[in-house]
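Have a look at the structure below, then the notes.
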Amino acid sequence: MQYHQTSEDPDMTDRVNIPGVKPLLLSNHYFHIKLIRQFLLILICICLGYAVVYLIMSIIGWALTDGIFHKDERFQVVEASISILFYGFGLFVTLRSHQKGLRVFGWLGIILILVYILRITNFDNTNGRRCVNYETVLMVDTQSIPVNLDKRSLTTIIDAQSGQLDHPVKNPSSSVSDVPPTITSVNGYRLGDVTQCFNINGYSVVSDGILFEKQQTFNRSKIVERAVHVCGSGAFGYFEVTRDVSSLCKADFLSKVGKIAPVFIRFSTTTYGREYPDSARNPRGIAMRFYTDEGNYDILSINFPVLFSTVSGINNFPDADAIRMCREDPDYAKRDLWQHLDNGGTCEFRCHIQVMNENEAENAPDFDPFDTTKMWSEDRYPLMEFGRIVLDRNPESYHLDVEQVAFSPGNLVPGIEPSPDALLQFRCFLYRDAQLYRLGVNFHQIPVNCPFMTRQHHPLAHDGRLRCDANGGVESNIYPNSYTQPPHGRPDLTCNETPQPVQGYLARKFHS
């Protein structure tokens, strides 16, 4: 077959001479079609390549074992390797083409592949070790549990707005890596022999950072003990509305029958210390946290006369058995709750309220309804069941959840307000002040204290020790201000407290 260029007819590019056949003239349109066909062939190769990539990954993914890469990183490497193979095949076909346009496209593809390889591997220039891309996965604690992160900032692991991140109440982790993780320091580097200190003939040296990390952490492992309700245990579960009380309260988590809110509850003795027997004779306290769509709502109570109506009934120790149990099993109550939930059991409680209208409260003839030492008669103000609480899961860490939970009667939601009870009014301040002393000003960032069910925007809270979220970003730490216009947040005036008429005298005496 012979090709030659014709100069007589500019529209005719090639003339094909075939023996015994009349010459055939081919126009430029033929080569345009050929170019498009090869381009489509490359796109098909790439699409098929991705399909094969995910098919192969789904088949062999379970077989991957721990090596130089973590599990999620290895998936990236497998995907990148197979993708590059199929890209290479398509580019090989392109570069073999005789068309200049396709060859340019091929060289451009090679450049893109190199950029893709550099982005996937992301090698550190100082030691050649692969760095983890924080936008993909963050391995937290020693169990290597992946926590999805917002790409904006690592701090979103703390700032768990709208429940998008894993949380011990909403999204309990159900699986961990089958391969034990390598022991590391708190800074992340891998450790060798952790049973021996760095020493010279038995003399330890101050440059042993591992030894100091271990001992200094131990010295500071106990946080400030609560002044009261020190000895306690807790559990996670949920609250469910069983009766319509929307005519009595506008709180959103009580708005309709069947509505559910996650809860955390802590049971405790009152006056004993942290290591005292929990079966000793003592008033019992209970603190409840409702994670609602409008924020965290806390209720703190004591067993006068009773805490709850439990579905499973109430059992008490005889005096002699209680004394014996204090000696033989000081943590009996804690262990009993833990084992019951750990074996798949649940604890269910009925929730009741007593209702008194404002006129009855103002004109009660024989007692002050807001006197903490008085009880409302169940004959005049009968108990009304409105919900149930079900506990079904143990804390993952006693210290993280039970010790660091920070309750306060001042943690309220729209529709629930404090009564004119002098003790309650002071406790609204006192409890929060105690938590600031125990845990620091940013205790709301501890997961068990985070109002993860609602979208948070708190421009009045900034800085302080151990601040770990976005800390307001670039916004001014004064609100309102003249710089942020329009403001990023807006008040909701429907959440204002109900105006209450007040009359009387300011005096240092009992108000009744």
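The values are calculated or read from the model by the stated rules, or taken from the named source; none is laboratory data. Since this is a predicted model, take the numbers as computed values, not measurements. Please note: Cβ atoms are built from the backbone with ideal geometry, for glycine as well, and neighbour counts cover all protein chains shown. To get the accessible areas, we keep the full protein, side chains included, count just its heavy atoms, and leave off ligands, DNA and RNA. Shrake-Rupley method; radii C 1.70, N 1.55, O 1.52, S 1.80 Å.
For the reader, a short list of remarks on this structure follows.
- Matching residues in the stretch 380-405 - criterion: being more than 20 Å from residue 344 (Cα to Cα) and hydroxyl-bearing (Ser, Thr, Tyr): 381
- Any hit, the stretch 279-293, residues being at pLDDT 95 or above, open to solvent by 40 Å² or more (accessible area, probe 1.4 Å) and not charged (D, E, K, R): no
- Unique residue being open to solvent by 30 Å² or more (accessible area, probe 1.4 Å), charged (D, E, K, R), under 30 Å from residue 448 (Cβ atoms) and assigned to a loop (DSSP other than H, G, I, E, B) when the list is 385, 396, 378: 396
- Single residue of the stretch 240-252 satisfying the filter (over 20 Å from residue 418 (Cα atoms) and among the acidic types (Asp, Glu)) that is surrounded by the fewest Cβ atoms within 10 Å (Cβ to Cβ): 244
- Near pairs, Cβ below 8 angstrom, 6+ apart or cross-chain, from the stretch 238-253 (under 27 Å from residue 392 (Cα atoms)) to any residue that is aliphatic (A, V, I, L, M) and assigned to a loop (DSSP other than H, G, I, E, B): 241/257; 242/257; 243/257; 244/257; 251/413; 251/416; 252/413; 253/413
- Of all residue pairs spaced 6 or more apart or on separate chains, those with beta-carbon atoms under 9 Å, a first member in the stretch 195-211 that is within 21 Å of residue 184 (Cβ to Cβ) and a second member that is of a type in the set (Asp, Glu) are 197/208; 198/208.
- Hits in the stretch 431-462 (condition: within 21 Å of the chain's Cα centre (by Cα) and open to solvent by 40 Å² or more (accessible area, probe 1.4 Å)): 441, 444, 447, 453, 455, 457, 458, 462
- If you check 475, 417 for being surrounded by 13 or more Cβ atoms within 10 Å (Cβ to Cβ), under 29 Å from the mean Cα position of the chain (by Cα) and acidic (Asp, Glu), only one passes: 475.
- Residues satisfying the stated conditions in the stretch 253-278, i.e. in contact with a Ser or Thr (Cβ under 6 Å, 6 or more places away or on another chain) and surrounded by fewer than 18 Cβ atoms within 10 Å (Cβ to Cβ): 255
- Any hit, the stretch 224-239, residues being within 30 Å of residue 345 (Cβ to Cβ), open to solvent by 50 Å² or more (accessible area, probe 1.4 Å) and part of a loop (DSSP other than H, G, I, E, B): yes
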